[in-house]
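Participant: Following this message is one structure expressed as structure tokens.
The values are calculated or read from the model by the stated rules, or taken from the named source; none is laboratory data. If you're wondering where the values come from, they're calculated on a predicted model, not measured in any experiment. Every residue, glycine among them, receives a Cβ derived from its backbone with ideal geometry; neighbour counts consider all protein chains shown.
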Amino acid sequence: MTLDDRKWAVFQLTGEGGLFSIRATSTGIDGIRLKDGTDNSVPYVTRTETNNGIARFVSSDNLVYGEDAGNCITIGLDTQTAYWQPMRFVTGQNIQILRSEKLNYYSAQFLTVILRQQMKSKFNWGGNGATLGRLKKLRIMLPIDESGEPDYQFMEDYIRELMDRKYKQYKVYAQKKMAVLEEERYVNRGGVERPVK
């Protein structure tokens, strides 16, 4: 599967006729207000550009501030970040939530790359940042199916194929590394196999 053999079209991201619903986060907790606990199992999503937007994991005690359900894309306004969130989470400030019934793990991997590229080219830190109003006007190009609608099945299949290819490459790499390590182990023991303790 290639991206070049597909027809593409421009779509409104949100708003009337848009592909996604958008809203501000339900939480928006400042990091200094977070409660410490023993479980630390709830993702705290911020505008960071690393770790899928997760700054750290926090106690479920923080759910008293509210929570957002998973299966959505979080948008960091000032940083123009976009990440798929698979499970419930709490957030820092200036996070917007995109939702669609068409969204799943695979389509989200495809869409977040496009969103990040589009936002980086349109918005920047400071006077022209990604605000809710600007996001509602944002248009993105997506591959289309025969009826001219976004081809979510292609997006899923493309990501699945890419991940499968990467997995196979890694498996070959790991097998070669293991063979080298086994050879080094054999040589380092004078050519005699000894039980590993």
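Participant: Could you check region 33-52 and list, in sequence order, the residues that are over 16 Å from residue 65 (Cα atoms) and of a type in the set (Lys, Arg)?
Facilitator: Answer for region 33-52, where residues must be over 16 Å from residue 65 (Cα atoms) and of a type in the set (Lys, Arg): just 47.
Participant: Among the residues of region 75-125 satisfying the criterion of being within 19 Å of residue 10 (Cα to Cα) and aromatic (Phe, Trp, Tyr), which is modelled with the highest pLDDT?
Facilitator: Here the answer is 110.
Participant: On the basis of being at pLDDT below 85, assigned to a helix (DSSP H, G or I), of a type in the set (D, E, K, R) and within 16 Å of residue 14 (Cα to Cα), does residue 136 make the cut?
Facilitator: In short, yes.
Participant: Assuming residue 10 fulfils every condition listed in (1) surrounded by 13 or more Cβ atoms within 10 Å (Cβ to Cβ); (2) touching a residue at least 60 places away in the same chain (Cβ under 8 Å); (3) among the hydrophobic types (A, V, I, L, M, F, W, C) apart from one, which condition is it?
Facilitator: All conditions pass for residue 10, except number (1).
Participant: Tell me which of these residue 72 doesn't satisfy, since it passes every other one: (1) at positive phi; (2) out of contact with any helix residue (DSSP H, G or I) (no Cβ under 8 Å at 6 or more places or on another chain).
Facilitator: Evaluating residue 72 over (1) at positive phi; (2) out of contact with any helix residue (DSSP H, G or I) (no Cβ under 8 Å at 6 or more places or on another chain) leaves (1) as the failure.
Participant: Restricting to region 17-37, count the residues that are free of Cβ contacts under 8 Å to residues at least 24 places away in the same chain and surrounded by 13 or more Cβ atoms within 10 Å (Cβ to Cβ).
Facilitator: 0
Participant: Mind checking which pairs have a first residue in region 59-72 that is over 13 Å from residue 95 (Cβ atoms) and a second that is in a strand (DSSP E or B) and among the polar types (S, T, N, Q), Cβ under 6 Å, 6 or more apart or different chains?
Facilitator: Final answer for the pair search is 70/85.
Participant: Tell me, which strands (runs of 3 or more DSSP E) wholly within region 1-78 include 2 or more residues that are under 23 Å from residue 155 (Cβ atoms) and within 17 Å of the chain's Cα centre (by Cα)?
Facilitator: Where strands (runs of 3 or more DSSP E) fall fully within region 1-78 and carry at least 2 residues being under 23 Å from residue 155 (Cβ atoms) and within 17 Å of the chain's Cα centre (by Cα), they are 72-76.
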